[in-house]
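Single-structure report; data block below.
Read-outs: derived from the displayed coordinates by stated rules, not from any lab. The structure presented is a predicted model; accordingly, all values stated were derived computationally and were not measured. Every residue, glycine as well, gets a Cβ built from its backbone with ideal geometry; the counts of neighbours run over all protein chains shown.
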Amino acid sequence: MNIYLKDTIDSAQETITTTFDVEIERMIEAILFASTAPISIKEIATRLPDGTDTRQALESLQKKYENRGFKIVKIMDSYTFRTATDLSYLLQSHVVEKRKLSKAALEVLAIIAYHKSSTRSEIEEIRGVSVSTGTLDLLIEIGWITLGPRRSTPGRPITFIITQLFLDHFGLQSAQDLPGINELRESGLLDRRSISSEKSCNDSTNTETISN
């Protein structure tokens, strides 16, 4: 095969590959745009042609949207479109605060989030006071916590864990992206007092409560 013919074939193959990649990205854009909630990479893959490297295609799209007015964000193992954080102020007039969480609810939410999972008795031990059923019911109703696996301890108590909706609301990929204790203190969201716990938090062995 002469060099000219080889170059022609290579060029044609590269064009076909590029066209295929572009078409895959268009498909993914359509899937994300039509979805009302973050959609898992597994679900996206089932809608694409066999042999598609879905993760690579998503990562490529994420880079293309980095400097746009909205981005493709990853939440756990799911993806969705979201407004660029630096432009969120443009939408503030459209946000309606439906309810304000009590200090107790914020404390319970913080404990569950920073401990990855907590039982009711563990939450009560950390806070030093009992947890009302209404507080947990409210957080479940909002969709920020849900029931997790049972502990393999006597009585096999149920645990509570944060949800994908919680991460989505605060723009986090996973619980690992939660702000550190020092960041929360500097922002004024934490009291100066700390709550002792036998379990480890992300950044400290002491958990601090969120204040109003």
Since Y89 meets every condition but one in (1) in a helix (DSSP H, G or I); (2) among the aromatic types (F, W, Y); (3) under 15 Å from the mean Cα position of the chain (by Cα), which condition does it not meet?
(3)
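Among I24, I28, I39, I44, which is the only one that is under 17 Å from the mean Cα position of the chain (by Cα) and surrounded by 15 or more Cβ atoms within 10 Å (Cβ to Cβ)?
Values: I24 fails: under 17 Å from the mean Cα position of the chain (by Cα); I28 fails: under 17 Å from the mean Cα position of the chain (by Cα); I44 fails: under 17 Å from the mean Cα position of the chain (by Cα).
Selected residue: I39, the only one of I24, I28, I39, I44 that is under 17 Å from the mean Cα position of the chain (by Cα) and surrounded by 15 or more Cβ atoms within 10 Å (Cβ to Cβ).
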In this structure, is T159 touching a residue at least 12 places away in the same chain (Cβ under 8 Å), closer than 28 Å to V73 by Cβ and within 17 Å of the chain's Cα centre (by Cα)?
no
